[in-house]
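Q: Next up is a structure, given as structure tokens.
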């Protein structure tokens, strides 16, 4: 799930552009899809075992084992940032911090893609049992706009994953 949507999103990025994959895990399938599209991928994940697997798959891709909100990669500038299957795993205050950091790390015209349910809701995560929390479309829109970003589109894929397409305004920023 998600590969087709991520590939379509990647087409809005400059050829050879840099992408930060938040919660990259072992890199399959999202980081691989981005690398296959010719993008330079940087990965962040808090799991040492998943980072080790990522390094084995993509030895030339920079990767960092840390909590998302503590990553040193946010000191860089990126053409795109993707958080597939991550945002709702974070506490609401960490989601806000992450959106702030994304706004600072995106180049003008840069794109941010994340997934979270359209409606505001909470549920136990299937893998960890920890509380997952979607803030809902209206709240995400307010959050990204308060950081000077634009929510330019939303869609769902065949697995009912809800996508938010965000850009950092410049002359090229438009709906995806």
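Q: Please work out which one of (1) crowded, with 20+ Cβ neighbours inside 10 Å; (2) more than 22 Å from residue 102 (Cα to Cα) is the condition residue 48 fails and give its number.
A: Failing condition for residue 48: (1).
Q: I'd like the residue in segment 20-33 that is out of contact with any helix residue (DSSP H, G or I) (no Cβ under 6 Å at 6 or more places or on another chain) and over 19 Å from residue 90 (Cα atoms) and, out of all such residues, is surrounded by the fewest Cβ atoms within 10 Å (Cβ to Cβ).
A: 28
Q: Here is a list of conditions, (1) within 13 Å of residue 84 (Cα to Cα); (2) modelled with pLDDT under 95; (3) in contact with a helix residue (DSSP H, G or I) (Cβ under 8 Å, 6 or more places away or on another chain), and residue 69 meets all of them except one; can you say which number that is?
A: Tallying (1) within 13 Å of residue 84 (Cα to Cα); (2) modelled with pLDDT under 95; (3) in contact with a helix residue (DSSP H, G or I) (Cβ under 8 Å, 6 or more places away or on another chain), residue 69 fails exactly one: (1).
Q: Hey, can you tell me all the residues within segment 133-155 that are touching a residue at least 24 places away in the same chain (Cβ under 8 Å) and either in contact with a strand residue (DSSP E or B) (Cβ under 8 Å, 6 or more places away or on another chain) or assigned to a strand (DSSP E or B) (or both)? I'd like the intermediate steps shown before the answer.
A: The initial filter retains those residues of segment 133-155 that are touching a residue at least 24 places away in the same chain (Cβ under 8 Å), namely 133-135, 137, 140, 143-144, 147-149, 152, 154-155.
Listed by number, the residues that qualify are 133, 134, 137, 140, 144, 149, 152, 154, 155.
Q: Turning to a different aspect of this structure: Where residues in segment 72-92 are touching a helix residue (DSSP H, G or I) at 6+ places or on another chain (Cβ under 7 Å) and part of a helix (DSSP H, G or I), which of them is surrounded by the most Cβ atoms within 10 Å (Cβ to Cβ)?
A: 87
Q: Look at segment 93-132 and say how many of its residues are farther than 30 Å from residue 14 by Cβ and either part of a helix (DSSP H, G or I) or in contact with a strand residue (DSSP E or B) (Cβ under 8 Å, 6 or more places away or on another chain) (or both).
A: Counting residues in segment 93-132 that are farther than 30 Å from residue 14 by Cβ and either part of a helix (DSSP H, G or I) or in contact with a strand residue (DSSP E or B) (Cβ under 8 Å, 6 or more places away or on another chain) (or both) gives 12.
Q: Here's another thing I want to ask about it. Before we move on, is residue 14 surrounded by fewer than 20 Cβ atoms within 10 Å (Cβ to Cβ), touching a strand residue (DSSP E or B) at 6+ places or on another chain (Cβ under 8 Å), assigned to a loop (DSSP other than H, G, I, E, B) and at pLDDT 95 or above?
A: Details: surrounded by fewer than 20 Cβ atoms within 10 Å (Cβ to Cβ): yes; touching a strand residue (DSSP E or B) at 6+ places or on another chain (Cβ under 8 Å): yes; assigned to a loop (DSSP other than H, G, I, E, B): yes; at pLDDT 95 or above: yes.
Criteria met by residue 14.
Q: Here's something else I'd like to know. Looking only at residues that are part of a helix (DSSP H, G or I) and in contact (Cβ under 8 Å) with a residue 12 or more places away in the chain in segment 37-66, which one is nearest to residue 85 (Cα to Cα)? Break it down stepwise before answering.
A: Initial filter on segment 37-66 (part of a helix (DSSP H, G or I)): 48-57.
Those still in the list that are in contact (Cβ under 8 Å) with a residue 12 or more places away in the chain too: 48, 50-51, 53-54, 57.
On the way: 48: 18, 50: 15, 51: 16, 53: 18, 54: 17, 57: 20 Å.
In this case the residue turns out to be 50.
Q: Let me ask something additional. Please state which one of 104, 113 is crowded, with 22+ Cβ neighbours inside 10 Å and at pLDDT 95 or above.
A: Details: 104 fails: crowded, with 22+ Cβ neighbours inside 10 Å.
Only one candidate qualifies: 113.
The values are calculated or read from the model by the stated rules, or taken from the named source; none is laboratory data. This structure is a prediction, so every number in the text was calculated from the model and none was measured. Backbone-built Cβ (ideal geometry, glycine too); neighbour counts: all protein chains shown.
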